[in-house]
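Step one of this worksheet: look at the structure below.
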Amino acid sequence: MSILKINNVTMQFGGVTAVNNLNIEVQEGKIEALIGPNGAGKTTAFNVITGVYSPTKGNVYYKDENITGITPDKITKKGIARTFQNIRLFKNLTVFDNILIANHLRINSNFVSSTLRMPWSNKEERLMREKSEMLLDKLDLLRLKNEIAHSLPYGEQRKLEIARALATDADLLLLDEPAAGMNPSETMELSSFIHNIRDEFKLTIFMIEHHMDLVMEISEKIYVLDFGQLIAEGTANEVKNDQRVIEAYLGVEEDA
Ligand SMILES: Nc1ncnc2c1ncn2[C@@H]1O[C@H](COP(=O)(O)OP(=O)(O)OP(=O)(O)O)[C@@H](O)[C@H]1O
Ligand SMILES: [Mg+2]
């Protein structure tokens, strides 16, 4: 069963067609990937799914509900969470506070009112703290609870960003280049981390990634974008051996 359907989606910015008539169906419970050269339209596709942009044409369905054009905070509440190509954390807050705030946002999407004005009862606050601790524990980040986010090694910051996304109780997790900037051992570790959270939290994961080893190893299905257009889809082996993909993408990698 598909959890996410991107139906004939086109996204234009002025004269630039960033995404051109895209059709994708992500299957529930799977780890699937969106790949393609720089500027292919991958992040734009995520931005359309998460409501950052309303598409020029087409529709996005989540669990068979048309979510096209609704706001990002509403989409988060429906169960889609994401991370960003450039890590977004509250860099001067602790690991724990980053998660706690995400927990507050799940209930009240306005940051100021959720942290300053809402009259959280002691009980609600305690439950949220417990929930945050449990999440950190499951992700093996509890040992870093009191560390300031920006002081963490890069790989741990990426994990914290994923943890923060999970604090919203998502069913579908979109990861935009989670291995960007990671060294090879961090990248290897990320692969088992992603498998583990998929199983532990019963997630569907749709990820953009440039590390081909990671993508090929982890993805049950791969979609290849080039100049906004889907040029191939299939298993790692199918995509790897597709002539258009070799030319458009893997060829470019080899030349670089
Ligand atoms: N807000 C915007 N306004 C104008 N053009 C945009 C906007 N967002 C994206 N684009 C353009 O759309 C195209 C696709 O960009 P996008 O960021 O989606 O690519 P990408 O596949 O994520 O690339 P990368 O691998 O480098 O992250 C690019 O030509 C980009 O300049
Ligand atoms: Mg991008």
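Below are the figures for this structure:
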quantity	calculated
Peptides ranked, highest mean first, by Cβ atoms within 10 Å: ranges 216-227, 61-72	216-227, 61-72
Evaluated over the chain, the Cα radius of gyration and Dmax, each in Å	18.5, 60
Ellipticity estimate at 222 nm from DSSP helix runs (n ≥ 4, -39,500 (n - 2.57)) divided over the chain, nearest 500	-11000 deg cm²/dmol
Cross-link pairs beyond the 30 Å C-alpha cut-off, checked among Lys145/Lys202; Lys78/Lys145; Lys74/Lys138; Lys5/Lys145	Lys5/Lys145
Eligible aspartates and glutamates near Lys240 by straight Cα distance, threshold 17 Å, same-chain separation 8 or greater	Glu32, Glu209, Asp213, Glu217, Glu220, Asp226, Glu253, Glu254, Asp255
Per-peptide average of other Cβ atoms within 10 Å, ordering 137-145, 80-88 highest first	80-88, 137-145
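Since every read-out is calculated from the coordinates, none of them should be taken as a lab result. This one's a predicted model, so the numbers in the text were calculated from it and none came from an experiment. No Cβ is skipped: glycine too gets one built from the backbone with ideal geometry, and neighbour counts run over all protein chains shown.
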